[in-house]
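Data first, discussion second: the structure below is written as structure tokens.
Each reported figure results from applying straightforward, stated rules to the coordinates on display, with no laboratory input. On a predicted model such as this, the values are computed, not experimentally measured, just so you know. Using ideal geometry, Cβ is built from the backbone for each residue, glycine included, and neighbour counts are taken over all protein chains shown.
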């Protein structure tokens with residue numbers, strides 16, 4: 001009998017995919033799933049790609065290359081997979097990409113705004129959140145990363161948990177009154193005015209889209225690995241140290257998120 005498949009997109013625009021795949025795999029029972037890295041061409045041409053798949057993971061990185069490679073028929077295949085009962089897990093850029101619309105650095109010369117084809121979650125994804133980074137807008141360097149405090153809701157954990165998570169350019173989610181009924185807020189940003197949603201989940205046909213603006217997969221160790229080689233590592237390692245303060249809670253919430261996405265864990 002074929003194993004259920006976890007598909008992780010690793011093509012242009014993605015970042016940290018090997019770290020993400022490793023973090024997910026570490027929480028799974030041995031040999032329970034086939035974990036496969038996929039490219040845009042796989043989605044376009046592999047007719048059996050989504051057979052036995054249970055989860056499609058869209059990592060962080062940059063949203064525009066996703067649009068360039070996947071708009072049209074590839075996005076339609078991803079949507080059919082979810083509507084037929086699959087789960088989409090979007091992290092950071094993968095979360096922006098799956099909302100109805102995004103507003104990234106709106107009003108600036110480098111703004112990226114507009115509707116997105118998948119539109120799994122009827123929300124506006126807004127970022128980056130410079131209030132979490134001491135006023136530094138996302139610039140793809142460690143200067144714009146932070147340990148963001150979030151608080152879970154009862155939709156994710158039985159009792160609210162407050163913890164630090166790795167943040168690097170992710171979004172908050174803005175819902176209209178009409179669309180908020182379908183979505184579940186799994187966690188909120190405690191350090192942003194109004195405590196807006198940081199992690200959300202929404203039904204899509206028979207399936208589910210789970211979107212997170214923060215990187216729960218990032219531990220203190222992986223944060224340090226990401227900084228290694230930077231000449232100014234010492235100026236940013238405080239982010240890793242802050243993650244260590246709630247490392248046990250971070251792992252528990254990460255596992256709860258994978259459970260919410262329908263995976264069986266070790």
Return the calculated 222 nm mean residue ellipticity for the chain, to the nearest 500 deg cm²/dmol, obtained by summing -39500 (n - 2.57) across DSSP H runs with n ≥ 4 and dividing by the residue count.
-> -8000 deg cm²/dmol
Have a look at the DSSP beta bridges in the chain and tell me what percent are antiparallel, nearest 5.
-> 55 percent
Sorted from largest down, give the three principal axis spans of the alpha carbons of the range 5-260, whole angstrom values.
-> 48, 43, 39
Once the mean 1/r over all distinct Cα pairs of the range 1-152 is inverted, what Kirkwood radius in angstroms do you read off?
-> 16.5 Å
Based on the Cβ-Cβ distance of residue 151 and residue 26, what FRET efficiency does E = 1/(1 + (r/R0)^6) give at R0 = 22 Å, to the nearest 0.05?
-> 0.30
Between residue 238 and residue 44, what length in nm is gained on full extension when 0.36 nm per residue of separation is reduced by their alpha carbon distance?
-> 65.6 nm
At 0.36 nm per residue, minus the direct Cα-Cα distance, what do residue 231 and residue 113 gain on full extension? Give it in nm, one decimal, please.
-> 39.2 nm
Kindly work out what percent of the DSSP beta bridges joining two residues of the range 47-192 are antiparallel, to the nearest 5.
-> 65 percent
So what's the gap between the Cα centers of the range 1-62 and the range 127-168, to the nearest angstrom?
-> 25 Å
Rule-of-thumb Rg ratio for the range 195-262 [Cα; 2.2 N^0.38 Å; N residues] = 1.38
Determine the principal axes of the Cα atoms in the range 118-252, then give the extent along each, sorted from largest to smallest and rounded to whole angstroms.
-> 48, 30, 27
